[in-house]
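Below is one structure, written out as structure tokens; comments come after it.
The values are calculated or read from the model by the stated rules, or taken from the named source; none is laboratory data. All values derive from a computational prediction rather than experimental measurement. Heads up, the Cβs are rebuilt from the backbone with ideal geometry, glycines too, and the neighbour counts pull from every protein chain shown. The area values use the complete protein model at the heavy-atom level, side chains included, leaving out ligands, DNA and RNA. Shrake-Rupley method; radii C 1.70, N 1.55, O 1.52, S 1.80 Å.
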Amino acid sequence: MGDHLRPGGTWLELRAEGLHQIAGESEGQLIPWPRVMLVGFTLGAKYPQKGSYGVLALLGGLPGPWKGRGRGYLHMTLRHPYENWSASFDRHPRWYDSTELVLFEELLRQTAGEGEADRLADSDWLGRAVELLVTQRPRTPSGVREAVARARQL
């Protein structure tokens, strides 16, 4: 997740052993999947209480000087020891519409909430789920939950 081509950038990799955050030239930090309990997502807003999508989330997808600007954040509750952890990543320059962002957040939430966060590193499963989700345009919270639940069954 994020822009891995940005010089000195920060991005997240979904690896078999866990979520790996890479920042600049550092080796990064690895969070093993069994530690991940709950996951939330914000774009352009570091703190979820301020809303899921900040001003840079809107501007960062537009052409011009703001394209690709801003950050995304995964907000997680980890176990052993219990702690809240936020993993930041540089925004990818591709524009994602609001439906795609909401579906992505719900996929993360449901998968981690069911204790299956490690499935996010299964590229075959994730590819099938995303392939189905990109064709969906649910307009209600229950529609989003149902679409993601169907996609997770693949």
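Based on the alpha-carbon gyration tensor of segment 111-150 and its eigenvalue square roots a ≥ b ≥ c, which shape applies: rounded if a/c is under 1.5, prolate if not and a/b is larger than b/c, or oblate?
oblate
Solvent-accessible surface of segment 98-154, taken per residue with a 1.4 Å probe and all protein chains present: 55 Å². Here segment 130-154 and segment 73-96 have alpha carbon centers that stand 22 Å from each other. Amide H contacts under 5 Å for Gly28: Ala23, restricted to partners 5 or more places along the chain or on a different chain, H placed in the peptide plane at 1.01 Å from N.
May I ask you to order 32-39, 72-79 by the average number of other C-beta atoms within 10 Å around their residues, highest value first?
Values: 32-39: 17.5, 72-79: 19.0.
Put in order of decreasing packing, that is 72-79, 32-39.
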